[in-house]
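Quick note: the coordinates plus some simple rules give every number you see, no bench work behind them. In this text the structure is predicted, and so the values were computed from the model without any measurement. Cβ placement follows ideal geometry from the backbone for every residue including glycine, while neighbour counts extend to all protein chains displayed.
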Amino acid sequence: MKAKITIFAVTLILLFTVTALADKKEELERAQKASQAFKEIMDAPDQAIPNELLDRAYCVAVFPSVKKGGFVVGGQFGRGLISCRKTAGWSAPAYFTIGGGSFGLQIGAQAVDLVLLIMNEDGVNGLLKSKFEIGAGAAATAGPVGRNVSASTDATLNAQVLSYSRSKGVFAGLELKGSVIKEDEDANKDVYGRAVSARELLDTGNIKPASGVRIFSATLTKFSPRRVTSKKATVKKKK
């Protein structure tokens, strides 16, 4: 009887280990896809996020291969990574999910890459809450496209979030309303090997990027190496 229990226990351990490794592999692949999508967008000759805006962003979120069908099946549109600018450079990436709301007419059955720029401290604090709904208390607008586009318009100055999408090679600003961004606790645990919150990763800047997801921070650094030098960029703690 004891032998059967032992075999069963070992089988369960092996099953959990294999599942955990498979989940981690999937999340590492997601980091690769997010990095590649952002790189391709920024490498486009005329259609890219203005450098002036990117350099002003507190955080950057990339959700690769978002599909509308995901909402029907699992209640979530997609999953991606977010990194925030700190004094030592871009923070270790945190995994998030995005779902609900409306992505406009671009989304059908095809996959869409989403890029969000979090433009101020209020936006960062909203992001670190349990649920961050774009358009509900968070001023969001479609971001302008083009390297030489002026970033001094009222819309970009007042927006907490600038949103973009790329579908079938076409990159443009996106009206994103009612979408909910939530921390993906399971993915963060799979990648970092322990329960680690998005606040630990994005706010303190004390955690180093896990092996395999450094590519995301490195890609952001390539296109926007500026570091935070002002104490004003520190995220407020929740009371």
Original post:
In nanometres, what is the gap between the two model label sites at residue 87 and residue 55, each 7 Å from Cα along Cα-to-Cβ?
Top reply: 2.2 nm
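May I ask you to derive the FRET efficiency for residue 158 and residue 36 from their Cβ-Cβ distance with R0 = 30 Å, giving the value to the nearest 0.05?
Working: r = 32 Å, r/R0 = 1.06.
According to the calculation, E is roughly 0.40.
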**OP:** Can you tell me how much longer the chain between residue 218 and residue 186 gets when fully stretched, taken as 0.36 nm per residue apart minus their C-alpha distance, in nm with one decimal?
**Re:** 9.2 nm
**OP:** Compute the distance in nm between two label points, each set 7 Å from the Cα along the Cα-to-Cβ direction, one at residue 111 and one at residue 206.
**Re:** 3.7 nm
Original post:
What is the gain in length, in nm to one decimal, between residue 172 and residue 227 on full extension, counting 0.36 nm per residue of separation less the C-alpha to C-alpha distance?
Top reply: 17.1 nm
Original post:
Can you run phi through the Karplus equation (6.51, -1.76, 1.60; θ = phi - 60°) for segment 204-212 and list ³J(HN,Hα) in whole Hz, with x for Gly and Pro?
Top reply: 6, x, 8, 9, 7, x, 5, 4, x
Original post:
Between their Cα atoms, which of 86/208; 131/168; 24/189 are more than 18 Å away from each other?
Top reply: 131/168
Original post:
In terms of modelled amide H atoms, which long-range or inter-chain residues lie less than 5 Å from the amide H of residue 175?
Top reply: none
